[in-house]
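Written out below as structure tokens is the structure these notes cover.
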Amino acid sequence: MAVNRLTDENGKTVVPISETDPYWWVKGEVREMSSLFVDQESVDELGVPSTWVREGSGVKLRFLSCAVEDRVFHRGEGWEFFLLYTTVFLDIRVRFSFTEFECGVLSQLKCAPTQIHLNAWAFIRGFEILMEYLETKPLLEVFFSFFQAKGVRKGGIVTLNSVQGKTLSGLYRHSYKDFKQIFIKVRCVEEQFPFYLDEFGLERFPLYWYSEPVQILGMAKVNEESARIVEFLENFIETTEALSLAMLFKWDKEREYVERYLETTTGGLKNFFKKKNEREHSASNVIKIEGGVIVNQPQEKKMGYSMKRRRAYEVVLERGNRCYGKEVSLEEVKQITEKQRRLHDYVGEEDLTSVWSEHFPVSVVAEEHFQSKTDLELVGSVDVITRAQFMQVCTARLLCLGKFEELKAKDEAEKKKEESFWVQKKLELERKLEAAMQQITSKDKELLELKTDHEQLKGKLQKFDKDRTELEARVVELCAEKKEAEISKEDHSYTMMEAGFERARKQAEYFYPDLKFDKLDPIKVVHNGALVDDDDVDLEGGGDHNPEDGGA
């Protein structure tokens with residue numbers, strides 16, 4: 001079997017991995033590390049989940065433990081959950097749901113939330129706080145003008161560091177120990193649409209590890225707005241020290257304290273930033289009076305809205321205090337023109353009855369069918385300006401109808417696309433449901449077999465209990481019989497000894513008729529010149545009786 005030898009961050013060869021492993025490209029120690037949170041109780045001890053959700057977001061989440069075999073780079077089925085280091089929301093205080101900027105950074109790097117280092121998360125959150133203090137929207141172009149993803153390797157954890165000469169903030173921590181094992185599962189409650197998907201069911205950011213994350217070495221070119229912000233921050237860097245991320249992370253609970261710190265550290269950058277924005281915004285609307293004549297005055301609006309041409313064909317339609325804006329790229333304009341080109345051209349001589357034919361008698365048809373006396377009198381009854389205005393009204397109404405049909409067609413196309421997506425999703429869920437039902441049937445069968453085995457074992461156990469009771473009773477009987485046998489044996493031995501003693505006494509009386517043997521006792525012995533009980537001799541340690549001690 002083909003294998004792929006991988007190396008760790010120090011170039012050391014690690015255990016060979018089979019190419020059939022779908023995660024063969026993952027490098028480093030994370031391959032062997034399981035989560036420290038393998039039971040729900042350990043997750044619940046982390047704290048109150050509601051405090052990890054951004055106030056007012058309406059997001060409802062479940063924080064779940066991992067299985068022992070789960071790894072930080074593993075994929076889930078579909079979009080059921082994603083993995084996250086607990087330090088991200090406990091220590092760095094990133095809140096759910098992720099902001100548009102946070103999702104943008106992850107998407108730009110093509111990294112899942114656990115695929116970037118915790119110090120990278122700290123840079124992201126610290127930059128957001130700084131931009132919020134400056135009352136400015138955090139932009140990806142600005143962020144990657146100061147932070148870079150350098151030395152990105154396939155299958156490894158991505159780190160961020162400051163672009164040379166552009167250090168906004170220092171590292172949050174110089175050492176993170178064992179952070180690769182403190183991850184849990186994050187998922188939305190079943191009754192709520194996942195915040196990590198958009199309205200089309202697509203991921204707002206990579207939920208799982210990419211094999212090829214993106215290396216970003218600063219921004220070569222940025223737009224005008226981003227360039228202005230970068231310039232402000234570069235000037236700030238030259239005059240002050242790097243910001244403390246530990247101080248910035250107190251923003252949610254001690255905002256006034258952090259604002260004082262930033263005001264002192266940045267030297268009033270917020271006011272400078274705000275005033276310069278105001279000056280640039282008002283520079284194009286200067287009202288100047290020279291010799292009693294007003295010059296450089298914005299043109300008066302006559303129709304309740306204005307059309308202003310901006311960079312990249314951005315068209316802004318203003319009505320009262322409301323503004324609708326959309327960027328239209330040159331490519332989109334080209335596509336619209338190309339699609340209409342056939343309608344604007346003539347179709348040649350193939351069908352002379354077609355109004356698109358270059359030989360269609362437009363003037364003849366107009367004269368015969370649209371030039372009645374009544375029509376001519378009606379049109380001639382109004383002046384040229386009125387007729388021109390009428391054509392403008394007709395054109396505007398046609399424009400409105402055309403736009404309505406365009407939006408309707410786009411809406412129907414989106415609906416079909418969405419319907420197709422949910423049809424596929426439904427089929428997928430039905431397949432999963434069928435598989436689950438099959439598993440339930442299989443488990444029911446196994447349960448029935450286990451119940452049958454249980455009943456059989458229960459019967460055997462009852463039989464064993466009965467046999468044990470009988471054996472215990474038999475043991476009691478045998479013990480009683482044994483005791484009776486020992487008693488009988490002892491009595492028999494004593495009887496035999498007494499009979500032998502009596503026989504010996506009679507023989508002694510026969511041989512020695514003059515001696516008296518009436519004091520002889522078969523259960524006593526001679527010890528130290530006296531006739532004593534045998535038990536008394538044993539208690540004194542005298543041992544067996546020795547005939548030489550004396551006696552009859």
**OP:** Select, from V222, V214, V163, the only residue that is β-branched (V, I, T), in contact with a helix residue (DSSP H, G or I) (Cβ under 7 Å, 6 or more places away or on another chain) and at pLDDT below 85.
**Re:** V222
**OP:** Give, as residue ranges, the helices (runs of 4 or more DSSP H) completely inside region 96-172 that count at least 3 residues that are within 24 Å of the chain's Cα centre (by Cα).
**Re:** 100-109, 118-133
Original post:
What number goes with the only condition from (1) touching a Leu at 6+ places or on another chain (Cβ under 8 Å); (2) surrounded by fewer than 18 Cβ atoms within 10 Å (Cβ to Cβ); (3) free of Cβ contacts under 8 Å to residues at least 60 places away in the same chain that E203 does not pass?
Top reply: (3)
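Select from region 39-65 the residues that are among the aliphatic types (A, V, I, L, M), in a loop (DSSP other than H, G, I, E, B) and open to solvent by less than 70 Å² (accessible area, probe 1.4 Å) and write down the one among them that is farthest from E191 (Cα to Cα).
Step one: list which residues in region 39-65 are among the aliphatic types (A, V, I, L, M), which gives 43, 46, 48, 53, 59, 61, 64.
After this cut, where a residue has to be in a loop (DSSP other than H, G, I, E, B) as well, the list is 46, 48, 59.
Now restrict to residues that are open to solvent by less than 70 Å² (accessible area, probe 1.4 Å): 46, 59.
Details: L46: 24, V59: 11 Å.
Going through the qualifying residues, I end up with L46.
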Subject >> Counted residues, region 155-184 - those being open to solvent by less than 50 Å² (accessible area, probe 1.4 Å) and either among the β-branched types (V, I, T) or in contact with a Cys (Cβ under 6 Å, 6 or more places away or on another chain) (or both) >> reply: 5
Subject >> Members of region 48-79 that are touching a Leu at 6+ places or on another chain (Cβ under 7 Å) and modelled with pLDDT under 90 >> reply: P49, W79
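Residue-wise test of (1) open to solvent by 80 Å² or more (accessible area, probe 1.4 Å); (2) over 30 Å from E199 (Cβ atoms).
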residue: R397; (1), (2): yes, yes
residue: K410; (1), (2): yes, no
residue: K432; (1), (2): no, no
residue: K445; (1), (2): yes, yes
residue: E449; (1), (2): yes, yes
residue: D465; (1), (2): no, yes
residue: V476; (1), (2): yes, yes
residue: A480; (1), (2): no, yes
residue: A485; (1), (2): no, yes
Original post:
Which of the residues belonging to region 201-246 are in a loop (DSSP other than H, G, I, E, B) and closer than 24 Å to V186 by Cα?
Top reply: G201, L202, R204, F205, P206, L207, Y208, W209, Y210, S211, E212, P213
Original post:
So which residues in region 498-520 are open to solvent by 90 Å² or more (accessible area, probe 1.4 Å) and either part of a helix (DSSP H, G or I) or among the acidic types (D, E) (or both), if there are any at all?
Top reply: R503, K506, Q507, Y510, F511, D514, D518
Original post:
E190 fails exactly one of the following numbered conditions: (1) part of a loop (DSSP other than H, G, I, E, B); (2) more than 24 Å from the chain's Cα centre (by Cα); (3) not hydrophobic (A, V, I, L, M, F, W, C). What is the number of that condition?
Top reply: (2)
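So which residues in region 206-225 are over 16 Å from the mean Cα position of the chain (by Cα) and open to solvent by less than 30 Å² (accessible area, probe 1.4 Å)?
Just the residues of region 206-225 that are over 16 Å from the mean Cα position of the chain (by Cα), to begin with: 211-225.
Result: P213, I216, G218.
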Subject >> Of all residues making up region 74-95, the number that are among the hydrophobic types (A, V, I, L, M, F, W, C), touching a residue at least 60 places away in the same chain (Cβ under 8 Å), part of a loop (DSSP other than H, G, I, E, B) and closer than 15 Å to F205 by Cβ >> reply: 2
Subject >> When residues of region 356-394 are limited to those that are among the aromatic types (F, W, Y) and not in a helix (DSSP H, G or I), the one modelled with the lowest pLDDT >> reply: F370
Original post:
Out of all the residues in region 66-111, which are of a type in the set (V, I, T) and either under 30 Å from E141 (Cβ atoms) or open to solvent by less than 30 Å² (accessible area, probe 1.4 Å) (or both)?
Top reply: V72, T86, T87, V88, I92, V94, T99, V105
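The values are calculated or read from the model by the stated rules, or taken from the named source; none is laboratory data. Note that the structure is a prediction, hence the values are computed from the model and not measured. Glycine gets a Cβ as well: all are built from the backbone with ideal geometry, and neighbour counts include every protein chain shown. For the accessible areas, the whole protein counts, side chains as well, though only heavy atoms, and no ligand, DNA or RNA atoms are used. Shrake-Rupley method; radii C 1.70, N 1.55, O 1.52, S 1.80 Å.
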